């Protein structure tokens with residue numbers, strides 16, 4: 001049985017998230033771009049996991065990163081209801 005090929009949108013989001021994952025200090029532009037490209041709750045969850053990993057890498061994560069995580073968690077909670 002053949003597996004479904006990722007869509008262009010899936011590939012785009014994965015490409016952006018990989019760049020964010022590899023960059024110690026990813027640009028806000030890139031993070032804004034990936035956040036505007038979400039189509040599924042799975043993509044949002046993967047991205048939140050990525051941001052939480054980034055925050056956990058530093059003893060003092062940036063306020064901007066923590067604010068971004070907080071905002072996305074609040075968004076995820078409202079979508080889930």
Residue 77 versus (1) over 12 Å from the mean Cα position of the chain (by Cα); (2) not in a helix (DSSP H, G or I): which is the lone unmet condition? (2)
Being free of Cβ contacts under 8 Å to residues at least 24 places away in the same chain, surrounded by 15 or more Cβ atoms within 10 Å (Cβ to Cβ) and not in a helix (DSSP H, G or I) narrows 61, 6 down to just 61
All but one of (1) under 20 Å from residue 16 (Cβ atoms); (2) assigned to a helix (DSSP H, G or I); (3) in contact with a helix residue (DSSP H, G or I) (Cβ under 8 Å, 6 or more places away or on another chain) hold for residue 67; which doesn't? (3)
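Bear in mind that the values in this text are calculations on the coordinates, not laboratory data. Bear in mind the structure is a predicted one, so any value in this text is a computation, not a measurement. With ideal geometry, Cβ positions are generated from the backbone for all residues, glycine too; neighbour counts draw on all protein chains shown.
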